[in-house]
Every structure is written in C-alpha cells, then in structure tokens.
1. Given the conditions (1) among the small types (Gly, Ala, Ser); (2) free of Cβ contacts under 8 Å to residues at least 40 places away in the same chain; (3) part of a helix (DSSP H, G or I), and given that ALA34 satisfies all but one, which numbered condition is not satisfied?
2. Only one of (1) in contact with a helix residue (DSSP H, G or I) (Cβ under 9 Å, 6 or more places away or on another chain); (2) buried (at least 19 other Cβ atoms within 10 Å of the Cβ); (3) more than 12 Å from ILE5 (Cα to Cα) is not met by GLN67, so which one is it?
3. All but one of (1) at pLDDT 95 or above; (2) assigned to a loop (DSSP other than H, G, I, E, B) hold for ASP12; which doesn't?
4. If only one of SER2, SER25 is surrounded by fewer than 14 Cβ atoms within 10 Å (Cβ to Cβ) and free of Cβ contacts under 8 Å to residues at least 24 places away in the same chain, which one is it?
5. With respect to LEU17, is the statement that it is surrounded by 16 or more Cβ atoms within 10 Å (Cβ to Cβ), touching a strand residue (DSSP E or B) at 6+ places or on another chain (Cβ under 9 Å), of a type in the set (A, V, I, L, M) and part of a helix (DSSP H, G or I) true?
6. Would you point out which residue out of VAL49, VAL81, VAL37 is under 11 Å from the mean Cα position of the chain (by Cα), modelled with pLDDT of 90 or more, of a type in the set (A, V, I, L, M, F, W, C) and surrounded by 14 or more Cβ atoms within 10 Å (Cβ to Cβ)?
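The values are calculated or read from the model by the stated rules, or taken from the named source; none is laboratory data. The model shown is predicted, which means the values in this text are computed figures rather than measured ones. Positions of Cβ are generated from backbone atoms using ideal geometry, with glycine treated the same way; all protein chains shown enter the neighbour counts.
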Amino acid sequence: MSEPIKVLIVDDIASTLDNLQKLLSFEPDIQVVATAVNGKEGVEQAKKVVPDIVLMDVNMPIMDGIQATEMLAQEAPGSPVTTCGGPCSRAPASS
C-alpha cells in the first residue's frame, strides 16, 4: 500500500476545520497531518510537516490565504495549495 496523501488544512473557522477533518477521515488514502488557523501559522506548519497538499481558506486574520500561498510558493514550493473562500455567488461575472 502506498503512503497516504498528507494534507494541511488552514482555516480560521473552527467548525470548518473540524468538518473538513471529519470528511477527510473517511478516505483511507488521506491523512490530515496538521491544521492552522491563519496564513502565518499555515506557512509555519507547511515547512514543518511538508504536506502533499494544503487546503487554504482565503479570508483569514493575521495573514490571508493569498499572502500565505505566495509565501509558500517561495518557502515550501513542494506543497501545492488549493484555496477556498466564502460562499459562492450565483451572480453572473461582470466583464
């Protein structure tokens, strides 16, 4: 059996962190190796645990997900980042 996919979850909302951890726990090939509550902490955790992927919220205090993703690209380039943010709008995109 191959190694599980190591995931770092970064989100400032405790219930979101908890729900994502619970959801991913049902996948035998995925292991949540760390969590963080802001972008700064997420960058520190990524350098420490070297995840295979980072699930990053965009809107967070201290350092937002965009800034953290830019920093990770420089300091931990081996960890791809998937960002997610607030509720999606059904309004059409403006041109």
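1. ALA34 satisfies every listed condition except (3).
2. The one condition GLN67 does not meet is (2).
3. Against the list (1) at pLDDT 95 or above; (2) assigned to a loop (DSSP other than H, G, I, E, B), ASP12 comes up short only on (1).
4. Values: SER2 fails: free of Cβ contacts under 8 Å to residues at least 24 places away in the same chain.
Result of the check over SER2, SER25: SER25.
5. Details: surrounded by 16 or more Cβ atoms within 10 Å (Cβ to Cβ): yes; touching a strand residue (DSSP E or B) at 6+ places or on another chain (Cβ under 9 Å): yes; of a type in the set (A, V, I, L, M): yes; part of a helix (DSSP H, G or I): yes.
Judged against the criteria, LEU17 is a match.
6. Details: VAL49 fails: under 11 Å from the mean Cα position of the chain (by Cα); VAL81 fails: modelled with pLDDT of 90 or more.
Unique residue meeting the criteria: VAL37.
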